[in-house]
Amino acid sequence: MADGTLHDAFIDELRDTYDAERQLTKALPKLAKAAKSPALRDAFESHLEETRGHVDRLERAFEALDEKVRGKHCDGIAGIIEEGSAIMGEDFDEATMDACLIAAGQRAEHYEMAAYGTLVAWARAMNHEEVADLLQQTLDEEKAADETLTTLAEGGINQQAADLAHPEVSEDDEDDEEEDEEPAPPQPAGKARTRK
């Protein structure tokens, strides 16, 4: 019969998440340095400061649970960071690099949101309300960071990269095509149009 409990799994996940945050404090400066867009660079640098706060909150969570503060190597975030590093080694144009850096950042954010969502749910289930509140603050910040990256991507970075990838397709060309089309002649009421 197994002896492990939800509390054991919770502490294990806290340690995994603690290590993930510490790994990200080393990876985020590299993402910021690789970013060409000043707004993207600022977003990564801002989230680095938040991530340092996440590490601090996790340490406070361990203390509130009377547990030793220590990490357990997080293979998941290590793989995501490795993929991000590989992207930085590619020979992409600046807009494409920024689009790819956003994608790498969002992979990390989504991983963290899943981890913190689970930790908050488990903490609340075990009535660790103080710890749940600390973790919820971090979850909210991770969601906000993801939204910031989405806003940057949808606010022009993805389109800039797409325009460079397919310069022959632009909005002007599409508008010209629409203007060249002749409108269909009006049909008398009651008669259905037939296709030719």
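When region 94-113 is limited to residues that are of a type in the set (G, A, S) and under 11 Å from the mean Cα position of the chain (by Cα), the one that is surrounded by the fewest Cβ atoms within 10 Å (Cβ to Cβ) turns out to be A103. With respect to (1) without any contact (Cβ under 8 Å) to a residue 60 or more places away in the chain; (2) in contact with a helix residue (DSSP H, G or I) (Cβ under 8 Å, 6 or more places away or on another chain); (3) part of a helix (DSSP H, G or I), the lone exception for H73 is condition (3). Only one entry in A192, A162, A153 is over 25 Å from I102 (Cβ atoms) and either modelled with pLDDT of 90 or more or exposed (fewer than 11 other Cβ atoms within 10 Å of the Cβ) (or both), namely A192.
Looking across region 100-152, the residues that are hydrophobic (A, V, I, L, M, F, W, C) and in contact with a Lys or Arg (Cβ under 7 Å, 6 or more places away or on another chain) come down to M113, A132, L134. Taking each residue of region 131-147 that is in a helix (DSSP H, G or I) and looking for partners that are modelled with pLDDT of 95 or more and polar (S, T, N, Q) with beta-carbon atoms closer than 8 Å, six or more apart or interchain, yields D146/Q106.
If we scan region 36-55, do we find a residue that is among the aromatic types (F, W, Y), in contact (Cβ under 8 Å) with a residue 12 or more places away in the chain and farther than 15 Å from E141 by Cα? Within region 36-55, none of the residues are among the aromatic types (F, W, Y), in contact (Cβ under 8 Å) with a residue 12 or more places away in the chain and farther than 15 Å from E141 by Cα. The single condition among (1) over 18 Å from the mean Cα position of the chain (by Cα); (2) surrounded by 16 or more Cβ atoms within 10 Å (Cβ to Cβ); (3) not acidic (D, E) that I87 does not meet is (1). Of the residues making up region 1-47, just one is small (G, A, S), exposed (fewer than 14 other Cβ atoms within 10 Å of the Cβ) and part of a helix (DSSP H, G or I), namely A9. Selection within region 121-138: residues that are under 20 Å from the mean Cα position of the chain (by Cα) and surrounded by 21 or more Cβ atoms within 10 Å (Cβ to Cβ). The member of this set that is nearest to E63 (Cα to Cα) is L135.
The values are calculated or read from the model by the stated rules, or taken from the named source; none is laboratory data. This is a predicted model, so every value here is computed, not measured. Please note: Cβ atoms are built from the backbone with ideal geometry, for glycine as well, and neighbour counts cover all protein chains shown.
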